[in-house]
Each structure stands twice: as structure tokens, then as C-alpha cells.
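This report concerns only the one structure given below.
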Amino acid sequence: MLRFALLFCLALPNAAAADSFTPVREQSAFVALIEGRNLRLSTFGIRLSVTPDGRIAGEALGSEVTGTWKWRDGFFCRDMAWRGRPIPFNCQLVEARGDQLRFTSDKGQGQSARFRLD
């Protein structure tokens, strides 16, 4: 079975080419985008709530996801667990386009996952 590391940035190939995504550099801008909304990646059955107070909750592949996040030096840094198993801490570049957010692991140098905001 797919390892849950797919969630938050190992789900899709890195596609950082010129495709009109705009980097989100400030925590306040990130919070404005996510507040009251869910992140969805239907391909893997991922639905997450990322709250302004630093919590992550939801599910992926039918199992519970929990975690916390902080904004650090312009990056979304998260600690998570899936099925009770820890997912290693990672800081990610966040980019926005319309109702989509793209998270790229390793401060923008790794794999990317594109989520729809509901």
C-alpha cells in the first residue's frame, strides 16, 4: 500500500515550471486562504482541515490524519501522523492559484502535491 508520505508533497511529480502559481510567503496570507476551508486531493482520498491555530486533522486512504503546523521563514512546516504512524517533519513551499494550493516539500526543492480548497 502507498506509504502516507504521499500526503503533503510526495503525491505528484514536481511541476514547478511556469504555471501561474504564486508563492505564499506570509503566514497571514496562508491563513486567509485556508481558514474555514478543507484541502482535498481526491486521487488519494485526502481531506484535511488545516486550522489557523496550528492543527491538522482529516483522513487519507480512509485512515485518520493528525498533526500540527507552524509558519517558519516563509515555509509551512508540519509534523503529522497517519494511522498513528509518524510522518517526518518537513517544511514546504506553499503556492496558490485560484482554489488550489501546491505544497512542495524540502522548502520547494522536493516533490509537490496540489490540493483543492473546498
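The values are calculated or read from the model by the stated rules, or taken from the named source; none is laboratory data. Every value quoted in this text rests on a predicted model; they were computed, and no experiment measured them. Because the Cβ atoms are built from the backbone with ideal geometry, glycine has one as well, and the counts that use them run over all protein chains shown.
For residue 40, are the conditions met, namely being touching an Asp or Glu at 6+ places or on another chain (Cβ under 6 Å), modelled with pLDDT of 50 or more and charged (D, E, K, R)?
Details: touching an Asp or Glu at 6+ places or on another chain (Cβ under 6 Å): yes; modelled with pLDDT of 50 or more: yes; charged (D, E, K, R): yes.
Criteria met by residue 40.
So which residues in segment 26-50 are among the polar types (S, T, N, Q), closer than 15 Å to residue 68 by Cα and not in a strand (DSSP E or B), if there are any at all?
27, the sole residue that qualifies.
Can you pull out the residues in segment 51-83 that are charged (D, E, K, R) and either in a strand (DSSP E or B) or more than 16 Å from residue 103 (Cα to Cα) (or both)?
So in segment 51-83, the residues charged (D, E, K, R) come out as 53, 55, 59, 64, 70, 72-73, 78-79, 83.
Selection gives 53, 55, 59, 64, 70, 72, 78, 79, 83.
Working only within segment 64-113, note down all residues that are surrounded by fewer than 13 Cβ atoms within 10 Å (Cβ to Cβ) and under 13 Å from residue 48 (Cα atoms).
64
Criterion first (over 21 Å from residue 19 (Cα atoms) and out of contact with any helix residue (DSSP H, G or I) (no Cβ under 8 Å at 6 or more places or on another chain)) does residue 84 satisfy it? Full working, then the answer.
Working: over 21 Å from residue 19 (Cα atoms): yes; out of contact with any helix residue (DSSP H, G or I) (no Cβ under 8 Å at 6 or more places or on another chain): yes.
For residue 84, the condition - over 21 Å from residue 19 (Cα atoms) and out of contact with any helix residue (DSSP H, G or I) (no Cβ under 8 Å at 6 or more places or on another chain) - is met.
Which residues, taken from segment 27-58, are touching a Phe, Trp or Tyr at 6+ places or on another chain (Cβ under 8 Å), more than 28 Å from residue 84 (Cβ to Cβ) and not polar (S, T, N, Q)?
none
Please count how many residues of segment 20-32 are in contact (Cβ under 8 Å) with a residue 60 or more places away in the chain, closer than 14 Å to residue 103 by Cα and surrounded by fewer than 16 Cβ atoms within 10 Å (Cβ to Cβ).
Adding up the residues that qualify gives 2.
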